[in-house]
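The values are calculated or read from the model by the stated rules, or taken from the named source; none is laboratory data. Only a predicted model underlies this, so the values are computations on that prediction, with no experimental measurement involved. Every residue, glycine as well, gets a Cβ built from its backbone with ideal geometry; the counts of neighbours run over all protein chains shown. Ligands, DNA and RNA are stripped out before the accessible areas are found, and what is left, the full protein with its side chains, is counted by its heavy atoms. Shrake-Rupley method; radii C 1.70, N 1.55, O 1.52, S 1.80 Å.
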Amino acid sequence: MLFLALLHPIADLSWWRWSIHPSTAIGIAALGASYVWASKALQREPGAAQRSFFFSGLLLMFASLNGPIHDLSDSYLFSAHMVQHLLLAGVPGCMLRPVLSRRYIAPLAHFFTRAPIAFVTFNLIIAVWHLPAFYNAAMAHHSLHILEHLMFMAAAVLMWWPLLSQLPEFPRLAYPGQMLYSFLMSIPMSIVAIYIAMADHVLYPAYSAAPRVLPLSPLEDQLLGALIMWIPGGLIFIIIMTVVFFKWNARGEDSTAGAQVDWKPTTA
């Protein structure tokens with residue numbers, strides 16, 4: 001146990017000193033370069049708001065995968081790791097037409113961006129990676145941890161697609177479908193959170209060996225992490241349902257076509 005504790009030197013934790021991981025910096029830079037490339041391939045410059053949203057998202061990803069949030073989540077607090085995963089769950093899919101329209105990719109894209117497939121894929125990935133065997137393996141092996149986060153980001157793109165697709169050829173759900181999808185999406189994460197919250201022992205031993213940076217026992221920290229997954233995670237989808245409801249009311253369209261970005265009202 002003393003050896004494990006030495007792997008978590010509390011002196012290394014600082015809100016003012018940032019540890020930057022080259023793999024994340026390179027990956028985020030590649031995403032930014034891909035965005036620029038895709039906008040040129042489409043021969044359409046994104047608006048200022050679109051660029052701001054996209055690069056703000058990259059900045060948020062960088063902040064969640066480096067520095068104190070990363071250090072807390074990897075070495076000290078399970079609850080901080082849940083905050084990190086909620087941040088990663090917000091990665092949207094956009095500027096992908098040049099890739100998705102390719103001959104061999106388009107059929108796969110049509111399959112995986114369908115709401116039932118996106119729902120199952122996202123929740124299966126979240127649930128499996130939070131099983132103790134997989135979670136602890138990711139904590140012990142950095143390469144697996146990188147794979148875990150890459151899978152989270154890919155799954156998050158699929159999860160958001162039925163709600164936020166910018167490509168009419170890979171369409172969003174109709175507004176009634178978006179309401180139902182958002183409601184159902186809150187259930188599996190709640191089940192995973194309840195499983196963690198109701199555990200009578202520490203599921204993820206790596207956090208037991210870490211110095212306590214907050215006045216929480218490892219089991220209390222685990223409970224807090226489960227509550228972060230459960231309550232804020234569920235509130236996200238309640239907010240989404242509210243936004244969808246007002247968009248639906250504003251457009252007054254129940255059809256799939258009426259929910260797409262290129263929809264235009266018909267003139268009487």
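The numbered conditions (1) open to solvent by 60 Å² or more (accessible area, probe 1.4 Å); (2) at pLDDT below 90 are all true for A210 except (1).
Of the residues I196, I231, I191, the single one that is surrounded by 16 or more Cβ atoms within 10 Å (Cβ to Cβ) and either at pLDDT 90 or above or among the hydrophobic types (A, V, I, L, M, F, W, C) (or both) is I196. Take the residues of region 161-179 that are within 16 Å of I236 (Cβ to Cβ) and open to solvent by 40 Å² or more (accessible area, probe 1.4 Å): which is modelled with the highest pLDDT? Ranking the candidates gives M179 first. Pairs meeting the criteria (first residue in region 132-160 and closer than 17 Å to A30 by Cα, second residue crowded, with 20+ Cβ neighbours inside 10 Å and of a type in the set (G, A, S), beta carbons under 7 Å, at least 6 apart or on different chains) are V157/G93. Sub-7 Å Cβ pairs linking a first residue in region 236-252 that is closer than 15 Å to L180 by Cα to a second residue that is surrounded by 14 or more Cβ atoms within 10 Å (Cβ to Cβ) and small (G, A, S), at least 6 apart or interchain, are F237/S182; F237/S186; I240/S182; M241/S182; V244/S182, ordered by first then second residue. Against the list (1) under 28 Å from A133 (Cα atoms); (2) open to solvent by less than 50 Å² (accessible area, probe 1.4 Å); (3) assigned to a helix (DSSP H, G or I), the condition M241 fails is (1).
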